[in-house]
Amino acid sequence: MIGIIAAMEKEMTLLKAHIENPSVKEISGISFISGTVHGKDVVAAVCGIGKVNAAVCAQSLILSYAPDCIINTGVAGSLTNKLHICDVVAADRLVQHDVDTTALGDAPGFVSTVNTIYFPTDPTVTAALLEAICSLGINGITGTVATGDQFVCKTEDKRRISENFGAVACEMEGGAIAHVCYVNKCPCAILRAISDGADEDADMSYTAFAEKAADNSARALIEFIKRF
Ligand code: SAH
């Protein structure tokens, strides 16, 4: 079974329309819809915005459905001129850019207890997602995606995140999902289409393009499921 998580309804609209024989279960205030897409078992949930909502959802999904993998679909801000509006990134690793214990001598983003900065995605699933993206004629790359509880909309913050972590995109849930998957040994992938440039125009760009971008990410995911 493939577990699918999106932060917002608009990121799940297209996928939901493809779920056959849906049945719904409520866990921790989140609706989990299980069914099939292109004959494959899936369970899909809208987790809400931010790291804690995403973590609650990923942990609940793992404990209740024991998925083969979890894929996060949605939108993100671009941190590179390689990713334009509606392009898609399949993350090869995630970092939580807002974790900061540097005053105690730790490196930026270092998560104590698990003692790592970067959380990996599953290379096989990620490569297959990239193939699905490209097969649709969408521009896609892999790279580091940075997560934090903050809508990044200042050039200064954008530069700091890309320079500190080599990240190509920023969002608010992927790093939490990858962290939960890491401690549960559940393969994961993070797929994000660009809604904005994480700069001073990000609010206007996000408002104009989030839905279109969200659909691009979902289209790539549906194509991946078809080939899975
Ligand atoms: N109240 C708004 C909040 C959206 S927050 C709403 O409900 O629509 C932005 C969402 O898009 C988050 O889920 C995040 O993962 C993603 N995102 C897109 N651009 C982003 C950026 N520049 N910085 C951080 N997250 C971004």
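The values are calculated or read from the model by the stated rules, or taken from the named source; none is laboratory data. Keep in mind that what you see is a predicted model, and the values were worked out from it rather than measured. Cβ sites come from the backbone with ideal geometry, for glycine too, and all protein chains shown count toward neighbours. Areas reflect the complete protein model, heavy atoms only, side chains present, ligands, DNA and RNA absent. Shrake-Rupley method; radii C 1.70, N 1.55, O 1.52, S 1.80 Å.
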Going by the structure shown, is Ile138 closer than 25 Å to Tyr206 by Cα and touching a strand residue (DSSP E or B) at 6+ places or on another chain (Cβ under 8 Å)? yes
Are any residues in the stretch 74-122 out of contact with any strand residue (DSSP E or B) (no Cβ under 7 Å at 6 or more places or on another chain), among the small types (Gly, Ala, Ser) and closer than 20 Å to Arg160 by Cα, and if so, which ones? Ala103, Gly105, Ala107
Report, by residue number, each residue of the stretch 184-196 that is touching a helix residue (DSSP H, G or I) at 6+ places or on another chain (Cβ under 9 Å) and either open to solvent by 70 Å² or more (accessible area, probe 1.4 Å) or assigned to a helix (DSSP H, G or I) (or both). Asn184
Being touching a residue at least 40 places away in the same chain (Cβ under 8 Å), open to solvent by 10 Å² or more (accessible area, probe 1.4 Å) and within 11 Å of the ligand (Cβ to nearest atom) is the filter here, so list the residues in the stretch 202-212 that pass it. Asp203, Ser205, Tyr206, Phe209, Glu211
List every residue pair whose Cβ atoms lie under 9 Å apart, where the two residues are 6 or more positions apart in sequence or sit on different chains, the first residue falls within the stretch 135-156 and is of a type in the set (Asp, Glu), and the second residue, located anywhere, is near the ligand (Cβ under 9 Å from one of its atoms). Asp149/Ile49; Asp149/Gly50; Asp149/Met172
Can you confirm whether Met8 is in contact (Cβ under 8 Å) with a residue 40 or more places away in the chain and open to solvent by 10 Å² or more (accessible area, probe 1.4 Å)? yes
Which listed residue is open to solvent by less than 50 Å² (accessible area, probe 1.4 Å), modelled with pLDDT of 95 or more and touching a helix residue (DSSP H, G or I) at 6+ places or on another chain (Cβ under 6 Å), from Asp199, Asp215: Asp199
Return yes or no: is Gly29 modelled with pLDDT of 95 or more, surrounded by 15 or more Cβ atoms within 10 Å (Cβ to Cβ) and of a type in the set (Gly, Ala, Ser)? no
Residues that are within 16 Å of the chain's Cα centre (by Cα): which strands (runs of 3 or more DSSP E) entirely in the stretch 1-46 hold 3 or more of them? 2-6, 40-46
Of (1) closer than 19 Å to Lys158 by Cβ; (2) of a type in the set (A, V, I, L, M); (3) open to solvent by less than 10 Å² (accessible area, probe 1.4 Å), Leu79 satisfies every one except (3)
Any residue at all in the stretch 146-160 that's aliphatic (A, V, I, L, M), at pLDDT 95 or above and more than 16 Å from the ligand (Cβ to nearest atom)? no
